[in-house]
1. Out of contact with any strand residue (DSSP E or B) (no Cβ under 7 Å at 6 or more places or on another chain), within 30 Å of E137 (Cα to Cα), open to solvent by less than 90 Å² (accessible area, probe 1.4 Å) and of a type in the set (A, V, I, L, M): does that describe L116?
2. Please specify each residue of the stretch 27-52 satisfying the condition of being closer than 15 Å to S82 by Cβ and open to solvent by less than 60 Å² (accessible area, probe 1.4 Å).
3. What pairs can you find where one residue is in the stretch 42-56 and without any contact (Cβ under 8 Å) to a residue 60 or more places away in the chain and small (G, A, S), the other is buried (at least 16 other Cβ atoms within 10 Å of the Cβ) and in a helix (DSSP H, G or I), and their Cβ atoms are less than 7 Å apart, with a gap of 6+ or different chains?
4. Answer yes or no: is there a residue in the stretch 87-107 that is more than 30 Å from T139 (Cβ to Cβ) and either touching a residue at least 40 places away in the same chain (Cβ under 8 Å) or polar (S, T, N, Q) (or both).
5. Looking only at the stretch 53-84, which residues are open to solvent by 50 Å² or more (accessible area, probe 1.4 Å), out of contact with any Asp or Glu (no Cβ under 9 Å at 6 or more places or on another chain) and part of a helix (DSSP H, G or I)?
6. Is there a residue being within 18 Å of the chain's Cα centre (by Cα) and closer than 30 Å to A41 by Cβ anywhere in the stretch 93-107?
Amino acid sequence: MLPNGPTQRQITFVSVPLLISLTAILLLGCSLAFLLHRMIAHPISALQSRIEKISGGDFSADPDIEWDNELGDIGRGINSMSAGVTALMEHRLEDEKQKQDLEYRMLQNQINPHFLYNALEAIRSDALLADCADIAETTEALATFFRYTISNVQAVSYTHLRAHETRSNL
């Protein structure tokens, strides 16, 4: 043990300010660690959570990740990307719906002429069985007319129709 003299007082005089300085540095370090956690770790955690929600199928925008800093820029980018994916999916669904509608109309356009031809052929057959040759001829002319107009939709004009009709009646 040191004698209670000037050396002891010098050590006490130096150690108290040193202890206060170390305590202040420790408090400052803890404060900085808390601020860094609040400013960086918490927003990054929120961004990761938002990305996980998007990967799970939730493409809604989240304004809570759009802060006024660089991490907020990333948040705005994530929301923009999410909106773009949503728009792309809606566009794809609309295209798919239009494709299905077009396929349905194409199928319907293929079926309708066959139904018409079959109905006219049935009428013609009934007319022949009933010895009504003029009804059978008229029905056959009508079927020929429809075959011509349906198969040549783009090339049909009024004069062509009249010429074909005249030939069929001869």
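The values are calculated or read from the model by the stated rules, or taken from the named source; none is laboratory data. Predicted model only: the values in this text are computed from it and were never measured. Because the Cβ atoms are built from the backbone with ideal geometry, glycine has one as well, and the counts that use them run over all protein chains shown. When the accessible area is computed, the model is the full protein with side chains, heavy atoms only, and any ligands, DNA or RNA have been set aside. Shrake-Rupley method; radii C 1.70, N 1.55, O 1.52, S 1.80 Å.
1. Details: out of contact with any strand residue (DSSP E or B) (no Cβ under 7 Å at 6 or more places or on another chain): yes; within 30 Å of E137 (Cα to Cα): yes; open to solvent by less than 90 Å² (accessible area, probe 1.4 Å): yes; of a type in the set (A, V, I, L, M): yes.
When the stated conditions are applied, L116 passes them.
2. So the first thing to find is which residues in the stretch 27-52 are closer than 15 Å to S82 by Cβ, and the list is 46-52.
The answer is A46, L47, S49, R50.
3. Close Cβ pairs (under 7 Å, with a partner that is buried (at least 16 other Cβ atoms within 10 Å of the Cβ) and in a helix (DSSP H, G or I)) amount to A46/I65.
4. Within the stretch 87-107, one or more residues are more than 30 Å from T139 (Cβ to Cβ) and either touching a residue at least 40 places away in the same chain (Cβ under 8 Å) or polar (S, T, N, Q) (or both).
5. Hits for the stretch 53-84 are S55, P63, D64, E70, I74, S80, M81, A83.
6. Narrowing the stretch 93-107 to residues within 18 Å of the chain's Cα centre (by Cα): 93-100.
So of that shortlist, the ones also closer than 30 Å to A41 by Cβ come out as none.
Checked against the condition, which is being within 18 Å of the chain's Cα centre (by Cα) and closer than 30 Å to A41 by Cβ, the stretch 93-107 yields no hits at all.
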